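Everything on this sheet refers to the single structure shown next.
The values are calculated or read from the model by the stated rules, or taken from the named source; none is laboratory data. These numbers were taken from a predicted model, which means no experiment stands behind them. Ideal geometry is used to build each Cβ from the backbone, glycine not excepted, and the neighbour counts take in all protein chains shown. Only protein heavy atoms, including side chains, enter the accessible area calculation; ligands, DNA and RNA are left aside. Shrake-Rupley method; radii C 1.70, N 1.55, O 1.52, S 1.80 Å.
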Amino acid sequence: MKSPLTPPHRLLLGPGPSPVEPSVLRAMTKPVLGHLDPEFIRIMDQTAERLRQVFRTRNRLTFPIPGTGSAGMEAAVVNILEPGDSIVVGVNGVFGARMADAATRAGAAVTTVEAPWGAIIDAEELGKVAREQNAKAVAVVQAETSTGAHTPVELIRREIGPGPLLIVDSVTGLGGVPLEVDKWGIDVCFSATQMCLSVPPGLAPITFSSRALQVVADRTMPVQSWYFDVSMIRQYWEDGEASRSYHHTAPISMIYGLWEGLRLVLEEGLEERWNRHREVGEFLQGELADMGFDLFAAEDYRLPQLTSARLPPGVKDDLRQVLLNDMDIEIGGGLGEYAGKIWRIGLMGFGARKENALRLIQALRAVM
Ligand code: PLP
């Protein structure tokens with residue numbers, strides 16, 4: 001009862017959360033302000049502006065929703081879809097399937113275009129199905145964390161044409177691989193703080209295009225979720241700075257952390273950060289291949305920040321526990337039918353450093 005909390009120091013090289021930048025943790029210990037304090041509103045506005053830069057968008061409604069990445073997914077789906085609306089969802093792993101499930105729960109008529117785990121969605125097929133279904137929206141996962149596959153979102157927009165709204169899950173993408181919300185014609189894009197932004201889990205950055213907001217404004221039924229209804233949340237952002245009204249209590253300390261995390265992203269430079277992830281990810285993937293691991297995601301479509309690899313013969317999944325308990329290194333196992341068959345290694349944000357890749361490789365050589 002009397003001893004303070006002392007969690008161990010782990011090197012987080014799993015599929016999230018990633019290691020947190022020390023200055024982010026320091027920012028989170030700053031004095032808590034009231035959420036309608038003009039000083040806090042200024043911090044909130046700066047956070048939104050930094051998010052616009054990182055999402056590469058001019059969308060006015062760009063903000064962090066309280067909750068983890070799933071809150072972003074939920075908000076995207078429940079605002080855009082009404083019962084009976086048609087949506088086509090690309091499913092090539094756990095998170096595409098989740099988005100299809102969320103859309104089904106919102107009452108939409110969901111058609112999935114599937115690809116084997118590790119492969120990417122066939123953009124041409126997605127376009128064909130979207131036209132056949134006269135889809136209101138198409139949804140894809142840019143960075144499938146369950147497999148390490150990197151779906152080229154730009155190509156998806158080209159193939160589906162300008163008609164459907166495009167919803168993109170970039171939970172593991174934002175800050176790690178190129179993402180161009182405006183240039184690629186993305187209407188709703190959501191992410192999470194705990195991946196390539198290196199901020200603890202707890203917020204889901206999200207952005208809505210003006211076309212998406214028009215769709216929300218034209219709904220015949222109110223959004224079923226009170227908390228995630230952006231037609232109310234947008235009021236906060238559209239009120240003048242001095243007259244911001246209450247919708248929910250902002251999670252102040254998390255916003256401080258995101259503010260600092262985004263400052264670091266922009267200080268490093270987005271392109272530089274993408275390049276750092278690419279270089280470190282390719283280094284790890286080369287080393288793993290040399291050690292006999294079979295890289296799981298399709299060649300040319302591998303995420304640098306999330307590497308998935310089949311275990312070599314004779315190597316047991318239990319070794320992950322040895323890494324964790326004896327070496328304080330966390331990596332992830334496979335999900336679904338790939339549990340026990342693949343490992344998932346994240347080199348994300350602050351964690352995307354060659355010394356971390358080397359520490360893992362040395363540890364693996366020692367235990368295997
Ligand atoms: N989408 C993707 C691609 C993810 O990787 C995750 C989590 O890992 C989620 C959605 C859900 O995010 P969270 O676990 O933060 O709710």
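Restricting ALA102, ALA130 to those that are in contact with a helix residue (DSSP H, G or I) (Cβ under 6 Å, 6 or more places away or on another chain), over 18 Å from ILE186 (Cα atoms) and of a type outside the set (Val, Ile, Thr) reduces the list to ALA102. Given the condition within 11 Å of the ligand (Cβ to nearest atom) and open to solvent by 10 Å² or more (accessible area, probe 1.4 Å), answer yes or no: does some residue in the range 76-96 qualify? Yes, some residue in the range 76-96 is within 11 Å of the ligand (Cβ to nearest atom) and open to solvent by 10 Å² or more (accessible area, probe 1.4 Å). Per the listing ASP182, ASP229, the residue uniquely at pLDDT 95 or above, under 22 Å from MET254 (Cα atoms) and either surrounded by fewer than 20 Cβ atoms within 10 Å (Cβ to Cβ) or not assigned by TED's automatic domain parsing to the domain that holds GLU154 (or both) is ASP229. Of all residue pairs spaced 6 or more apart or on separate chains, those with beta-carbon atoms under 7 Å, a first member in the range 57-75 that is farther than 16 Å from ALA102 by Cα and a second member that is among the polar types (S, T, N, Q) and not in a helix (DSSP H, G or I) are THR57/THR207; ASN59/THR207; ASN59/SER209; LEU61/THR207; THR62/THR207.
Residues that are over 22 Å from ARG344 (Cβ atoms) and either open to solvent by less than 10 Å² (accessible area, probe 1.4 Å) or not in a helix (DSSP H, G or I) (or both) within the range 257-292 comprise GLY257, LEU258, GLY261, LEU262, VAL265, GLY269, listed in sequence order.
Residues of the range 293-326 that are out of contact with any strand residue (DSSP E or B) (no Cβ under 8 Å at 6 or more places or on another chain), at pLDDT 95 or above and open to solvent by less than 70 Å² (accessible area, probe 1.4 Å): PRO304, LEU319, VAL322. Selection of helices (runs of 4 or more DSSP H) fully inside the range 136-243 by the criterion of at least 2 residues being more than 11 Å from the ligand (Cβ to nearest atom) and closer than 28 Å to VAL24 by Cβ returns 230-238.
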